[in-house]
Every structure is written in C-alpha cells, then in structure tokens.
Amino acid sequence: MNIIELVAQWFADPAQWSGPAGIPVRLAEHLAYTGLTLLIAGAIAVPIGMYVGHTGKGRIAVVGAASALRALPTLGLLTLFVLLMGLGLMPPIWALVILTIPPLLAGAYSGIAAVDPTLVDAARGLGMTEWQVLAKVELPNALPVLLGGLRAAVLQVIATVAVVAYINLGGLGRYLIDGLAISDPVRMFGGAILIALLALVVDGILAVVQKFAVSPGLADRRRRKRRETPTVGAVQGGM
Amino acid sequence: MEWFLANLGFVLDLTWLHLVQSVLPLLFGLLLSLPLGYTAWRLRPIRTAVLSVSSMLYTIPSLALFVLLPFVLGTSILDPMNLVAALTIYAVALLVRSVVDALESIDDGVRQAAVAMGYRPFRRFFAVDLPLAVPVLFAGLRVVSVSNISLASVGALIGVRNLGTLFTDGLLRFFLTEIVVGIVLTLLLAVLMDLLLVAAEQLLTPWHRAGGKRHVAGTDQGRQTRASAGERPDPAEAAVLP
C-alpha cells in the first residue's frame, strides 16, 4: 500500500476525530494559540504603527526594528523563551508575539504613511481634528495595506505554531513532531497536510475579507488608477 | 563565551552548513525565477497563473513543507536536500513576483530605444532589461536571503544539521549559552548576507553612483521620497503583501 492510501486511511480512522489528541482538538488548539498571539501582537503593533505613520516620528527606528526582528530565527526565540521563562503556555506565546509584530507593524505604518499627503491636508483644511484625520481619512485609506500586513502575520503565526509543538504545546504540529519521534511517516504526512490546508483556507478567507473591507471609494480608485495618472486617481477616488 | 571558544570548530561547522543551506536556494531560486518571471511578464494569462500558484506555495508553512517534500521527491526524511528544495520553493515564489515587478518597472522608452538600435530580444534582455531590473530584483533577493537564513534553522527539527541544531541541542540540555550563540550567529549571518547583496547591487548598478545625485537634486526631494515610499513602502512589504 503506498503512502497516499495509508494517509487516506489515517484520515478515515474515526479515532483521529475524537478524544484529546483528535484532529478537532488539535485544530482548536492551533487556532487558539494563533488568535491569542495575534491579539497581543496587534494590541502592541497596530497603535505604534498608526502613531508612527500619522506623525512620522520614529520612522527609522520602526523600519529598522521591524527588519531586525524579521531576521530572528523562530526556533531560537522559542527555545530561548522556554529556557528563560520555563514551560507552560505563555513563553512560546511571547516568542510568537515578537515574531508577529514586524508584519503587523509594517502593515499599519506603511499603510498610514502611504496615504496621499494632499488628502490628509485637505482633511485638516476641512477642520478635522487629528483624531478625525486618523479615523476618517487615514485609516480607511490604509485598510488594504493594513489587512495585507494582517494576512502575512496570520500566515506566519499559523506556520510558527506548528513549530511550537516541539516545545511542549499542542496544535497540529504535534502530529509532525510525534510522528518524527516514533518514525511514523503516515502521521507526519497527515499532519503536514492538515497544517498546509489550514494555512491555505485561512489565507483564502482573509483574501475575501480584504476584498470586502475596502471602502467602495477606494476600490473605485484602484480601477481608475490603471487608466489615469496615480495622483489624479487617488485624489478623485479618495474624496 | 567560554563554551563558544571551546566548541569553535563545531559551531563554525554548523555555521558553514547553515550558510550553504540558505545560499544555494537563493541561487537556484534566482536561476529558476528569471525565465519563469520573464515568461509570466510577457504572457498575461500565464502571469496570473504563475503569480497565484507562487503565492499559494508561499502560504504553505515551512515545517509542513519540510515534511511533505521527502514524499514528493523520494528523498530520505533526514536529507538536507529537502531543506534546500523547500527554501528554493519559497525563493521562487517570492522572486517570480520580484522579476515581474522589476521588468514592469523599466521605462518602455528605454526598451524601444534598444530595439531601434538593433538589439534582438535575447540580447536586449541581458544587456538592457536585466541590468535595469537589478534594483527591484535585489530588493526581493534581500528579503529571500533574510527569511531563508531564519527559516533554515527550523530544519533542525527534522534532523538537518545547521545553526538550528544549537537550538534543539540547547533545549535538550537546558543550556542557555548554546541557544544565545545560535541566535547571534544567525543574525550575524543574515546581516552579512544583506551587506554582500547591497554591495553586489551597487557593483551591478554603476549608473546609480555616477548620476544619482544630480538626478535627485533637480526634483522636490521630500515629495519624491514620500511618493516612492508610498508605492514601495518597504522591499519586504512589496514582496510579501499581495
């Protein structure tokens, strides 16, 4: 029997679909870690990104920090945190948070910074306060880029949560790590397929969300941009 | 530090393996994505297909890809080539987009001038298109280089020997120094590769050094940077964001 059939059999086995080590539980764990990480990282990165994008203060520091954090090895950070803080849920989560901040920060910052300055000036000219400028002009205009950053961040967390199983936590990565430990290629293959599927499905959902979350005026601008010069399109569409 | 010096040979060996495992995919990725990107850029229907397949491949988490590839390639699960192949896939996925963007960024007037001067398509690609594509292409290469170096260490989980071995080993022995040495060396490697790529880019674009300043002086510099920052916020962003 070849590996594909064996994996199909593994998926068909009802034992995989119930109990504390079943696929639904592992999937829920995977999603819970992902959600928790995104919540914490978002609470840190998005306000900083918006502040820097809006005021332009600390731009170099943020861009530098974001790219330096990107170079940090995932596995190194996870093992470091476990050694420093001990076993348990939070040490790996904090490591994940650090890895998730760069894409979120970059998305929030570059989204806001890329908003056409004439739009921001026009909004100020209309008498909007700085908060209104941020909430009513910059944020809607930055949303596509911001959600792009979120999408990149979510994918990265889903991928990294798979690695977390190596430490001590659950999640779909357990199948890979346990399968490797007992040399069970079928379990590893099944787990890898589950993780890849999860990433693809979540990315697909976020792509749809991204499409619908963009304000109609901006979607219009995008279509027009191709025909007209970018600046003209941006001003007309954005207002 | 003492541990580092006492195990210098071991650590340098791992660093070398790590470097090879992350540079090879970069080279293979570039070689594969140039023809692929060129074709995608020339033929619209292929472009959509190539770009969506590559972004789908990029979506697959690294650990899953490391595990799936041996079954696809027929290699042993502990073979370092799995890691190289997986990182090459990521490199191609990112670089194809960079190649298309890079070719798109070239002023059509330059291309027409080259045709008018008698350049045939093949020579024009190497003598005109490719050199002008270097800045955008290198932005992509730099992103791939950093992410490869960082991702390669995950390979240690499936038994590939590289700097990631210091993490798995350090965790097993509960030995902090080893992990810190691993992190520092990975970061150093990433910085070193980045500097090399920047230097290579400057070597390949001599016109940027010669005429760059005069060109910028003539324009409104503040707006210029703001506008270019808007279109390409960050090389990393441009490559990762859809």
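The values are calculated or read from the model by the stated rules, or taken from the named source; none is laboratory data. Given the structure is predicted, the values throughout are model-derived calculations rather than measurements. Please note: Cβ atoms are built from the backbone with ideal geometry, for glycine as well, and neighbour counts cover all protein chains shown. To get the accessible areas, we keep the full protein, side chains included, count just its heavy atoms, and leave off ligands, DNA and RNA. Shrake-Rupley method; radii C 1.70, N 1.55, O 1.52, S 1.80 Å.
Would the range A:134-147 turn up any residue that is at the interface with chain B (Cβ under 10 Å from one of its Cβ atoms) and in contact with a Ser or Thr (Cβ under 7 Å, 6 or more places away or on another chain)?
yes
For A:VAL154, indicate whether it is buried (at least 24 other Cβ atoms within 10 Å of the Cβ), over 22 Å from A:THR55 (Cβ atoms), of a type in the set (Val, Ile, Thr) and out of contact with any Asp or Glu (no Cβ under 6 Å at 6 or more places or on another chain). If you could, list the steps in order and put the result at the bottom.
Values: buried (at least 24 other Cβ atoms within 10 Å of the Cβ): no; over 22 Å from A:THR55 (Cβ atoms): yes; of a type in the set (Val, Ile, Thr): yes; out of contact with any Asp or Glu (no Cβ under 6 Å at 6 or more places or on another chain): yes.
Considered against the rule, which asks whether it is buried (at least 24 other Cβ atoms within 10 Å of the Cβ), over 22 Å from A:THR55 (Cβ atoms), of a type in the set (Val, Ile, Thr) and out of contact with any Asp or Glu (no Cβ under 6 Å at 6 or more places or on another chain), A:VAL154 comes out as no.
Within the range B:109-128, identify whether any single residue is touching a Leu at 6+ places or on another chain (Cβ under 8 Å) and surrounded by 17 or more Cβ atoms within 10 Å (Cβ to Cβ), and answer yes or no.
Going residue by residue through the range B:109-128, those that are touching a Leu at 6+ places or on another chain (Cβ under 8 Å) are B:110.
With the extra rule that they be surrounded by 17 or more Cβ atoms within 10 Å (Cβ to Cβ), the set shrinks to none.
Checked against the condition, which is being touching a Leu at 6+ places or on another chain (Cβ under 8 Å) and surrounded by 17 or more Cβ atoms within 10 Å (Cβ to Cβ), the range B:109-128 yields no hits at all.
Restricting to the range B:157-176, give me the number of residues that are touching a His at 6+ places or on another chain (Cβ under 6 Å) and more than 8 Å from chain A (Cβ to nearest Cβ).
Pass one, the range B:157-176, residues touching a His at 6+ places or on another chain (Cβ under 6 Å): B:162-163.
Okay, now just the ones that are also more than 8 Å from chain A (Cβ to nearest Cβ), so B:162.
Final tally of qualifying residues: 1.
Tally up the residues in the range B:74-89 that are open to solvent by less than 10 Å² (accessible area, probe 1.4 Å) and not hydrophobic (A, V, I, L, M, F, W, C), please.
Number satisfying all stated conditions: 1.
Of these, A:LEU180, A:LEU200, which one is assigned to a helix (DSSP H, G or I), under 24 Å from A:ILE3 (Cα atoms), without any contact (Cβ under 8 Å) to a residue 60 or more places away in the chain and within 20 Å of the chain's Cα centre (by Cα)?
Working: A:LEU180 fails: within 20 Å of the chain's Cα centre (by Cα).
Exactly one of A:LEU180, A:LEU200 is assigned to a helix (DSSP H, G or I), under 24 Å from A:ILE3 (Cα atoms), without any contact (Cβ under 8 Å) to a residue 60 or more places away in the chain and within 20 Å of the chain's Cα centre (by Cα), namely A:LEU200.
This table checks each residue for (1) within 12 Å of chain B (Cβ to nearest Cβ); (2) at pLDDT below 85.
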position	(1), (2)
A:LEU96	no, no
A:GLY107	yes, no
A:ALA123	no, no
A:GLY149	yes, no
A:VAL154	yes, no
A:ALA162	yes, no
A:LEU172	yes, no
A:SER183	yes, yes
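For the range B:58-99, how many residues are within 14 Å of chain A (Cβ to nearest Cβ), among the polar types (S, T, N, Q) and either under 20 Å from the mean Cα position of the chain (by Cα) or assigned to a helix (DSSP H, G or I) (or both)?
3
Can you tell me which condition B:VAL144 does not meet? The list is (1) within 14 Å of chain A (Cβ to nearest Cβ); (2) open to solvent by 10 Å² or more (accessible area, probe 1.4 Å), and all the others hold.
B:VAL144 satisfies every listed condition except (2).
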